1. Can you tell me which condition G165 does not meet? The list is (1) more than 16 Å from the chain's Cα centre (by Cα); (2) at pLDDT 95 or above, and all the others hold.
2. Can you name every residue in segment 136-157 that is open to solvent by 40 Å² or more (accessible area, probe 1.4 Å) and either at pLDDT below 95 or under 21 Å from V106 (Cα atoms) (or both)?
3. Any idea which residue in segment 34-63 is surrounded by the most Cβ atoms within 10 Å (Cβ to Cβ), counting only those that are at negative phi and of a type in the set (G, A, S)?
4. For segment 158-264, which fully contained helices (runs of 4 or more DSSP H) count at least 2 residues that are open to solvent by less than 20 Å² (accessible area, probe 1.4 Å)?
5. Conditions: (1) part of a strand (DSSP E or B); (2) within 13 Å of the chain's Cα centre (by Cα). W36 meets all but one. Number of the miss?
6. Within segment 1-33, work out how many residues are open to solvent by 20 Å² or more (accessible area, probe 1.4 Å) and in contact with a Phe, Trp or Tyr (Cβ under 9 Å, 6 or more places away or on another chain).
7. Go through segment 104-118 residue by residue and tally those that are outside any helix (DSSP H, G or I) and open to solvent by 40 Å² or more (accessible area, probe 1.4 Å).
8. Which residues, taken from segment 64-96, are open to solvent by 10 Å² or more (accessible area, probe 1.4 Å) and hydrophobic (A, V, I, L, M, F, W, C)?
Amino acid sequence: MKQFTNMGETLCADGAVMRHGWVDGPDPTVLAVHGWSCRSDYWADQLDALAGRHRVVLPDLPGHGCSDRPVEPRSPARYAEDLETLVLERDLQGVVVMGHSMGGAVALELAARRPDRVAGVLLVDTFVIDYGGLDAATRQAIYAPFAADFPAAIQGLLEQTSTAGTPASLKARLSREMSAVDVAAVLPAWQALLAWDPAPVLERVECPVHAINGDLIPESARARWAGRIEEQRLAGCGHFLQMEDPARFNPAMSRVLDHLSGVG
């Protein structure tokens, strides 16, 4: 597995330091954004597939991984502001933003903010929750267990977003690592994510948007973005498909990235 060859820091608008790794390579840059309560090394199994084909930048969003706790609460839009600062600092052009789960929401927000910098978006199982289709009572019912007992709620979330093909060892690892995050930082982000509405964001996104999904995307979500997002499915995969089955995910990812980059 290829490791980060460089590490960097970005000072966010509220003073929090967002740390990121990167692997040198040719343009276009792939900006790989992890999900909620996750971290940048959840893309580790993709680095060899990307090596030599793209420069890869892998941030730990504020409150995650090795980055600082945010001073101000985060939402998908606010995380996109943090990434915009990173993109501008490194003068990245023609970026393809690949986001897993919440990272896909952040990717769409960044594409909407900076159409001059983002050439394409690849969502990885982002709409496992039907964002934009949850009423207030449903959002509160999802949120409340995390505020009451975060580790137990994480375990429940992993059970709900796994399939028979999800390795038990991966579930155990994710439960351990996701339960160890800075809860005070990620709970406000979870609440904001549950209230996020992709419809007005997608209206402002000018670049192509593709998705690679497992088995768990609700049909209501597909209906919500029908005609706007081009989807591939990896049958049998759960929510963490890039970690569950990289042997199938990586070729699918490479084909989409080549398409979005104008290669082939």
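1. Going through the list (1) more than 16 Å from the chain's Cα centre (by Cα); (2) at pLDDT 95 or above, G165 breaks only (2).
2. Result: R139, I142.
3. Step by step, filter segment 34-63, then rank; the result is G35.
4. Per the criteria, 168-179, 183-194, 198-204, 241-244, 246-261.
5. Failed condition: (1).
6. 5
7. 3
8. C66, V71, A77, L88
The values are calculated or read from the model by the stated rules, or taken from the named source; none is laboratory data. Everything numeric here is computed off the predicted structure, so don't read it as measured data. A quick note on method: Cβ atoms are made from the backbone with ideal geometry, for glycine too, and the neighbour counts reach across all protein chains shown. For accessibility, only protein heavy atoms count, side chains too; no ligands or nucleic acids. Shrake-Rupley method; radii C 1.70, N 1.55, O 1.52, S 1.80 Å.
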